[in-house]
Structures are given as C-alpha cells and as structure tokens.
Amino acid sequence: MRRRIYNLANGKFEYEKPELLLSTDRLELKVVEGQNYKGSFTIRSGNGLPLRGVIYTSDVRMECMNPQFEGEEVHIQFEFHSEGLMEGNIQKGEFYIICNQNEYNLSFVVNISKLYPKTSIGTIRSIYEFAKLAAKDKNEAYEIFTSPMFVNLIKEEEVRERMLYEGLCRPGAGMQDMEEFLIACKQKETVLLTMDEKSKEYCDITQSRKETLVLRKREWGYLELEITSDASFLHPVKKQMTTADFIGSMLQVEYLIEKEKLHAGKNYGKLTLKSPYQTLEHTVCVYQKEQREAVPEKWEEHTELSKMKCRLTESYIRFRLKQMTLGEWVMGSNEILDHFIAAFPSEHWYGLMKAQVLLINRQRQEAEWILDEKKKTITDTKSVAWAYYLYLTTLLIREDSYADKVLKNVEDICRVHNKDMRLVWILLFLRGDYAKNAALKYYAIREQVMGGCTSPYFYLEAYLLLEKEPYIMTEMGEFECRLLLWACRKHAITKELAIQVTHLAGDLRTYEERVYKILCGCYEIYPQEELLTVICAYLIKGQKYDTLYHHWYEEGITADLRLAGLYEAFVYSMDAREVRQVPKMVQMYFRYHSSLPYAQKAALYVNIIANKESQPSVYASYERTMERFALEQILERHMDDNLAVIYDTFLTENMIQNETAKALGQLLFYHKLTCFDKDAVRLYVVHRQLKDGFSVSIQNGTAYFPIYSSDYVILLEDRKGNRYASGMEYQLEKLMRPGRFIKKCMEQAPECESFFIYQLDKKPFHEELDEKELELLRRFLRMDSVSEEYRTYLFPEIIRLHQVNQVNLDIREYLKRINPSMLNQSARKYMVELLVDRHAYREAYAWLQRYGIEEIDAVRLAAVAGSMAGKEEYADEEFLVYLCAEAFFGGKYDEAILKYLCENYDGSTKRLGEIWQAAKQFGIETYGLEEHILIQLLYSTEYMEYTEEIFESYCRNGGKEIIKDAYLNYFSQAYFVEHMVISERFFRHLVERPEEKQILVCRLAILKYLASHKDKQEEYMELSDTYLADFTAEKIYFSFYRRFPVFLQQKYGFYDKVFIEYQNRRGNRVFLHYRSGEHDEYRTMEMKEAYGGIFISDFLLFFGENIQYYVSQMREEKEQILESNQITGSMVCEEQDKSRYTLLNQLITQTILEEDIKKTKEMMIEYEEQQQLCKRLFEVL
C-alpha cells in the first residue's frame, strides 16, 4: 500500500486494474464443534495483471493464514476456530479483500455440528440412524458404539438413553451390550428363537451319529446362544453360538450321540439352549436293546413292553410289602407274563417267572407243566435260565440234599456268568447260611448294592430283613440311607424301624439332606417327642434355618423341648415376609438373650410390632429395646424389609443427629429389587445426578439399594458380565418414606447429596424457595459427587431462582463449579446476560471470547466491550476489536468503543468510514483512522460519499503531505480520465496547491473543471489562459477546450476546429477512418494520444459540411472497429468575429439560405482583402 501511495504522490498511475476473480461466490462450511477447520479459496486475475493486497475478516474465529498476497493466482488459506461453539451455532461473516484498485467481500457461513460418524450408509446423527446401521452391518455399528463419538448421537433431551449408554458401554463392552442398548431404546425388538422340533427319538443306533436341530429367528440383531447337555451320551458340537452362525434366519445346531455311552433301554438327554432372553429345551430319547432281547420292530411296541416290565416289578414289590393281595398280584402278573411269552417265544425267562407265580399261588400242577416243558427246551445247562429253573424245582422238592445239589450247580453257573445279578438273587434263597443268619444275608445284599447293583429286588430283600430284625442295621451308612430312602418312597417304614433310625441318627455328626428326608419319613410313622428332638437337633447341627424347616422348630417349642439353640433356630427360620404371633416362650427368652444376628432380631421385632394390639404388654416390654435396635442399625446402615418396618415405626426427628442423618442419606431411599431370573448376580444403577454409578450384589434373587430420583436406570448383570435393561424381569419395591424426615436430615447433614437430589426431583424449579433452601442448593452445586452434566443443567436454574426470590449471590464463585462447555446455547446466553447485568464484565468477556457472541443483544455486547476497551491490558486485543465492532455495527456503542475501533479496527473501507462518522459525532480524535482510510481507499479505489469530508478533516489535523498529494493526484486522474464527479471543495484544494506540485493531470483536471463550470471561468481566467497556452504549445488538445470563452479559443487557434475524441487503453494505436461523401473512399489517419488513453483528431469543417468516420484498432492482426459516427459543420459565428474562417462560414450560410445578395458580395470582398493582407504580412514556415 505504501508503494502505491508513493507512486500516486509522484504522479505515477496504474491505468489498468486487475480483474479479480474468486473461486467461489460464498463459502459454506460445516465444522465439528471443538475442532479447527482448515480450507482455502483462490483469487485469480482475469486479465493477466498481477494482484496485490491484504485480507481482513469480520469474525475473529476466522483466521486468514496468508493475509497478504501477490501474484496472478493466489491460494488463500484460512482456519476457522470452533472452540466453545456447539451444534446449531451459525457463524456468518465476510472476508474483506483489499487489493490494488479493487475491494471485494467474500461471504462465509459456518454451521457448527457435532462429530458424527461417517458410515457405509452415510453420516449418522441419531440413535435411530444408528439402529439402521446396526441392522445392515453390526460389526461397523459396534465400532461406532464403542467409540467416543457415539455420545454425539444422543440428543440433549434423551436423558434416559444417555444413562443407558453410560451403564452399558463400559470397558470390555461387547456386541450383547450394543444389542441391549438398542432394545432398551426401543429401536428394535428382542431376538427370539423358535425350534422346528421340541423332541427327537432314536431306536437302536449302531454307531455314534451327528444330528441337527434347526432354530429360526424373525428379528434382526445380535444373539449369543449357550448350549449345554445333561446327558453323558449327548454333546453339542458347539457350546457357544452367535448370530454369525446363522444362515439368513436359520441356525443349525449340531449335536453328537455317542453310542459307547448308551445303556440298554431308554437313554434320556436334554439340550438346553439359553440366550439372554429365553431358554429352549430339546429332548432326545435313544432306546438301545439288550443283547438277549430281540428288538421290536416298532418303537411304540418297545415302549409298551418297557412299561409292562415296570408294572411287573412294581406289583411284585407291593405284594411282598403286603400292599397288594395275592390274588391281585397273581392276576396282574400272569397277564403281563403271558404277553411277554407271546412276544418272545424263544425267551425262557418269562415262562419260568410264570411258573414261580403259579407256585406262590399254590398252583403246583400248572407250574410243573411249565417246568417240565422248560426242562426239555433249555438245552444250555450253564445258562442263567437253567439256574433259575433249578431254583424253582427246589420249591417243588423240599429236601435239603436236593437243595444242596442245586446250590452247587448254580454256583458253577455263577462262575461262568459272574456279573449277572440274577444269579446272585437266586443264591439269596438257595444258601442255607443266609436262611439261618439274617445279618449275613443282609450284608451280602449290602455288598452287591455297594458294588453297583441298583436292582429294586435287592432293596426289597434287604428291607424285608430289617422289617423283621431292625437291630441288624447298626449304622446310618451309604447303603442304609439308600435303603431307607427307598422304603420311605414305598411308604414301608415301620414303627420299629423308625425307632432304630431314631437311635442311630442321634449319633450322626454331619448333616445330610437324605438323612433328613429319612427322619421325616420315620416321623410320619412314629411322631414321638424322642424323634422330634432328634430331628430338631439334627437340623440345628446342620444349621438349617431356611423357612422350609421352620415348622420343626415350632413343633419343638410347642412340645417344650429342652434343646440348646432351639429358640434361635425358630427365629432364624422364620419367613421374614410373614407376620404372625411369636410364641410367648420365644418372646420371654429373647427379652433377656440378644445373641441373634440383626436380620433375625428384625424379623422377631416386626412380629412383635404387628401384634401390638393383641399383645400390648409384650410390645411395651420390647419398645425401648426396639428403639435402641433401630438407632443401632441405622448407624450400621443395614436394611431389609423388616428393618424398614422398624425404622418407620421408631424413627423420629429427635433421633436424627449428624451421624444418623448421614446414614439416612442412603437408607431413606432404599428400594428392594426382586429378580425372577436366576442368572442375575448383580445390578448396576446409574443416576443422572451422580458422577458415578454403583453395583449391588443380588442375593437369593433380592437386592437392596438406594434410588434418589426419578432419573435413573437399573441394569441387571449376569454371570458373564452382560448387562440388561429389559432382558431380565424384576419387581421394584419402595421401602421408606423419605418425605417425613428430609428437611431435618438436610439440616443435620447438608453434605449428603442424596437429600438434594430427592428434593430437586420432587420440588419443581418454578416454586419459590427461601434463603435457607437456596443456600442448601448452593452447597449441593459444590459437591464433587454430582455429575458435571447435572451440575451444568442446574446452574442456570439456580441462578434464576436467586433472581426470582431476590436473593444476592456471588456468581463468580458459582462459575468455578460448572463446565460451561456443557451448557446449551440458551443457558450460555442466559449466563452471559446475567454476568453483564451484574457488571461482571471480565467474566462475561471471557465467556464471550470462548463461547461466542451468538444471540447476545448489542446492548450487552456494548456494555462488555465498553468496559474492557478502557483497560490497558486489553490494548490491541483481537477479540476485543471484534466485540467492539459487533456492538458498533449492531447500533450500540460509546466513546470507549469508538476510540478502541479508531485505533485498532481493520476492515472494509465502507466500515471504516462508518466508524469515522460516528467518531466525529463524539468529537473523538480520528487522525490515525483518517490516514488508515485514505491509504486503503487510494489503494483499493473504493470511493465513499463522505470521502472528501475525511480528507478535509485529515488536512485540518495536519495530514502528511505525501498522503494529500497522492489523494489529489489520484482523484484528479479519476476525474479527468475516468470522469469521476468531483466537488467544488476538491477543486479548491487542487487549485490551492503550490504550482510546483501541480502535475500534468492536476492541471488538466483544473482546466476540465473550469471548462465545465462557466461560473468559475472569470475567477480563474488567468489560470485557464496559462494552462491553455502551455498545452496548446505542446499540441495537447481536448474537446472540452471548446467550452472556454471564444477569445481563448481564437487566441490559441482551436476556435475553427472540430475534435473527434475516443478513449481507449493507454498506449494502444488507434486509427480514424473518414470520408466527406458517401461515394468517397475512406482515408485513414492515426489518432494522437493526448493523455491517459484519450485519443484526439481535429478537423476544419464549414457550415453544412459532413464527415463520416469510424475508429479502429488492430488486435491479433485483425482490424477491430471500436466506434462509428459522423460530424457536420454547424457553427453559428458571432457578429464581431471577422476572421477568414468566419467570413467563409457566413458566405456558405448566405448561399444556402439565399439571403441578401448585396451583403454576400460585401463579405466576399472583405474575405479577399484579408487573404491578400495575410500573404503580405506572414510567411509560411
């Protein structure tokens, strides 16, 4: 710029200006909040002339990285700083491009948005769009779900969704957590499966085989499936499967059936398929034949035969236990055996069994027929069937010698078939020592059972021995427990056996559930105090205090048993949810004995409270004890259903001191959660108001924990660590009524955040608060446990409440407790307005500087700007310049703002001029601003209507001569060459300059002005005469000369000339082509450049004479016609003018008009006399 001023001051002009072209008419940017955006645009010269200049921006956030530029094509780099702005903000501004002889504005609009993920379906901006991505590509969606940018998809009003995300997206979150988030946000349905087949049956498989179970799903989404088996022969090929294993909507679950692990008969197995949302079961049944059996062709037939075998065994046991008559048993058994004999004619065993039935029924003859037939058909005398046959013959031949012989043969067969238990059973009846010694036989059976035999026939024989001689059983060992449990199931326990069990069980040291069942079975037969004592003692020894056992302890107390720990066991096993009258003995006992754990004491006390009306004396005797207990448990922070009742009964405001209030900070808000899903092991609670969530273990399907407000989320967690907001069913129950004590607790423990959270949730912000409540709110805002998001949400509301209630506050202290970046735009606006209204201008300035001035009215902007502009530490600060400018152009400003802008503002020439105008009205010193404006104006040639006023003020203030010279020279050039309009004031400045500074264009401008203003010609006649003399001497003519007085025209010899003037590019060669008649040929002459691209030619034309012409130039070796016209001589000369040119014009006029002939002759004589006189007096040079 300085170089151009210097050139202008010295009369060096640039006759051509570059044509500035921009790569865009308007910049529209999208910038992510908190990030800087770098971009560029291009400035190019359209006519090849180099560009030089500087760029300013109207917005301090828009930084031009190369503000000074030069060249024919320049890339302008810029960077937009979005720190502090938030989604929805729109920043509008201008780039002011000040270049050589040009000034342009390039608008920009910046839209601020959050950082949204760019995905295969485009940029997503909401949870809804995220769900669409998850449906298309779950892996891509999962990457976004676990990325920091996901929170930007959650809108400000989606409070629950934000809490869900906080609880589900933790370190190590998996696909299942994403699935649960989408379900909880109601963006998709739960993935549920259906099975094509619920059960499958197989018959006699010959080798291990792989089978397939088909599952189907309807909903898209992620699913984890756990597959287990309860049978050793049944194995899933994959124990874990996910949606990745699906083929479309179908999943094939493969499982393996291992033949080697199948036993003869029915093999049942169950596949359990468990997903987070459902459990499916698939039953597999495999029937394998025994080696000695022929397998029926049809499965239904096999099933029926198996049932018949079971009925045959069961009826035999019932007959032996005397639970069925002989006739019933014989009839039923014969029917079944006949069926088997018909089905398996080659199988000897069923015929022999029928022979035994007949023998027992004393049908000897029929039995002999069967045995005789079998004697002939059983050819293998070493077979088990032959042994059975020999045994049955002993029932016919009752001789000891024969029995011994048969025993020997059977023992020989046993050595061949030593693993066949049927032979062992036969020996039980053949060996004589077993018949003589019941104990020996009992222990023989015991050995077989403990060796692995589970046949009910052996249990039957052992039991029958005990039934006759109970004392054979001398201990409660493994075999005895099995046998007694079998007897209990068969309802076969006798009184004598029950007494023996009573004696033996009293000596047991460890608890076994099966022994308890045996004792229960015995008590049904033998309900005596002795056995009741054994049962109670046994349960106490095993610490069995479940409600299942409570009735035993109650019976023991009713029976007045003297048993240590009985009263405690009674209370331990009470159903905590049941309210009933406690036996008086128990009440009396615990009045003096307090060794119970707190949970059991609470259960006891609740029952006493419940029976207050029916037992007032008992309640009165316990009342002080229960009060102390309530206070103790509050301080211990214990809670359950019973304690809640006790607290509610005995807690009073008088009991609430500091420590009690602290404990009640959680207890008052406790809830009970009952979960119906056994897989739930803990829960996680998120409160909007708290910085951190917390976990609580679930014990026996129940958890106790505090909920402080209605803004919370509960997530249940399974053993794998997966969390669910909707996949597991639960019931939530409120235990306390906090409203009764909240005020007292807040007074005693103001440091507990829970009271404030509850109060804020229950008491709307629009309600009036007193000074004390407001002070408590201020304390709450200072608590570290409060989440930053909630603190920021509360802050403007708390400030507003102070205003509504006309309570003073130190807003600066409040500002230290919040994160302003989390405030929304309206809250930020409110805070700035509040700071300004409280005259906290430094804080307001800092907020505006960081978070922008959007939506802040100009009055408040002016208040902040005016306050800061007068401080030395803010001198020449870029943001303050911007703030002052925004206030000023918003129509609000003061003297301080104007002074600051005058000293520091850079921008468009127009805006600088507006600032100057306002400053002059305030009487502010504007010398520096004026110089800035004039330099920029002369550089960019941006003219304003009050430019001359600025120049005059600058001159009055003692402006620099170089600036004034440049100004006068430039506008003289603009007036003379570019025909700019100038004022009289400018003319006077120009003519008053010293003559030595009047360069050529200035003198030409003066002449042109005087030629156009006849009222000034007489005043400046001498100056006009001088300049005309100089220019005509140098053969410099212009058409405006003809507007000077005639005497000057005649004096300098252009009175009789007609000028053709054409303006073109300086330095070009311009040609004039002319002719005087239509039939004449054009003659060509080169026009003379008089000054600055003004070309001139002159002609001498008489009245009526006509010349046609056109102007051309050569471009790219081709003639280019620029203008065409014609001129006609029409001069009417003044009477006093007696020149030869005038005389000739008058003669032509007279001839054309055919006026006075005499006068015409006189004029001709006068012209000839002048012609002869000139020849004599003047010589041709």
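What follows draws every value from the coordinates through simple rules; no lab data is involved. Fair warning: this is a prediction, and the values are worked out from it, not measured in the lab. In this analysis, Cβ positions are derived from the backbone assuming ideal geometry, glycine residues included, and neighbour counts consider all displayed protein chains.
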Considering only DSSP states other than H, G, I, E and B, which GluC sites (Glu not before Pro) in region 588-637 qualify as loop sites with at most 11 other Cβ atoms within 10 Å?
GLU613
Final fewest-first order of HIS81, HIS551 on the 10 Å Cβ neighbour count is HIS551, HIS81
Quick one: angle between helix 641-650 and the longest Cα principal axis of the chain, in degrees between 0 and 90, rounded to 10, please.
70 degrees
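Ranked from highest to lowest mean number of other Cβ atoms within 10 Å per residue, what is the order of the peptides 182-194, 447-459?
Details: 182-194: 17.2, 447-459: 14.8.
Highest-to-lowest ranking by the protection proxy: 182-194, 447-459.
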Using the Cα centre of the chain as origin and beta-carbon charges of +1 (Lys, Arg) and -1 (Asp, Glu), tell me which of SER867, MET476, PHE755 is placed farthest towards the positive end of the dipole.
MET476
For the chain, what is the calculated [θ] at 222 nm in deg cm²/dmol (nearest 500), taking -39500 (n - 2.57) for each run of four or more DSSP H residues and dividing by its residue count?
-14500 deg cm²/dmol
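Give me the dipole magnitude in Debye, nearest 20, for region 981-1043 about the Cα centre, with unit charges on the beta carbon: positive for Lys and Arg, negative for Asp and Glu.
Values: 11 positive and 11 negative charges, 70 e Å.
It works out to roughly 340 debye.
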Just flag the GluC sites (Glu not before Pro) in region 202-238 sitting in loop per DSSP whose Cβ has no more than 15 other Cβ atoms within 10 Å.
GLU219
Test of the criteria: in region 669-735, which chymotrypsin sites (Phe, Trp or Tyr not before Pro) are in a DSSP loop and have at most 11 other Cβ atoms within 10 angstrom of their Cβ?
PHE676
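How high is the FRET efficiency between GLN921 and ARG1075 when r is their beta carbon distance and R₀ equals 60 Å, given to the nearest 0.05?
The formula returns an efficiency of 0.45 here.
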Distance cut-off 22 Å, Cα to Cα: go down the list LYS1016/LYS1051; LYS188/LYS672; LYS601/LYS662 and report the pairs above it.
LYS188/LYS672; LYS601/LYS662
Which order do HIS671, HIS503 fall in if you start with the one that has the fewest other Cβ atoms within 10 Å?
HIS503, HIS671
Determine the distance separating the Cα centre of region 990-1050 from the Cα centre of region 912-949; give it in Å without decimals.
31 Å
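So how do 904-917, 9-22 stack up, highest first, on mean other-Cβ count within 10 Å? Walk me through the numbers on the way to the answer.
On the way: 904-917: 19.7, 9-22: 16.1.
Highest to lowest by the protection proxy: 904-917, 9-22.
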In debye to the nearest 20, the charge dipole size for region 107-146, taken about the Cα centre with +1 at each Lys and Arg Cβ and -1 at each Asp and Glu Cβ, equals 100 debye
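Only Lys, Arg, Asp and Glu count, each charged at its Cβ (+1, +1, -1, -1), so figure out the dipole size of the chain about its Cα centre, rounded to 20 debye. Intermediate results must be reported in sequence, preceding the final value.
Numbers: 152 positive and 184 negative charges, 1102 e Å.
With Lys and Arg at +1 and Asp and Glu at -1, about 5300 debye.
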Calculate how large, on average over all directions, the projected area of the Cα convex hull of the chain is; give the answer in nm² to one decimal.
85.4 nm²
Taking neighbour Cβ counts within 10 Å as the exposure measure, how do ILE1121, ILE646 sort from fewest upward?
ILE1121, ILE646
Taking the Cα-to-Cβ direction at ARG320 and at ARG218 and moving 7 Å from each Cα, how far apart do the two end points lie in nm?
5.6 nm
For region 118-184, build the charge dipole from Cβ charges (+1 Lys, Arg; -1 Asp, Glu) around the Cα centre, then report which of PHE145, LEU133, VAL159 sits farthest towards its positive end.
LEU133
From the residues GLY958, HIS979, GLN998, which one has its Cα farthest along the dipole of region 950-1061 in the positive direction, the dipole being from +1 and -1 charges on Cβ of Lys/Arg and Asp/Glu about the Cα centre?
HIS979
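So, counting K/R as plus one and D/E as minus one, what does the shell of residues with Cβ under 11 Å around ILE757 add up to? Don't skip to the answer; put the middle values down first.
Working: positive: ARG688, LYS762; negative: ASP711, GLU753, ASP761.
That sum, taken over residues with Cβ under 11 Å, equals -1.
Given the peptides 89-102, 1042-1055, arrange them by the average over their residues of other C-beta atoms within 10 Å, most packed first. Please list the in-between numbers first.
Details: 89-102: 19.6, 1042-1055: 15.9.
Top of the packing list down: 89-102, 1042-1055.
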Using alpha carbon centers only, region 162-210 is separated from region 540-565 by a whole-angstrom value of 45 Å
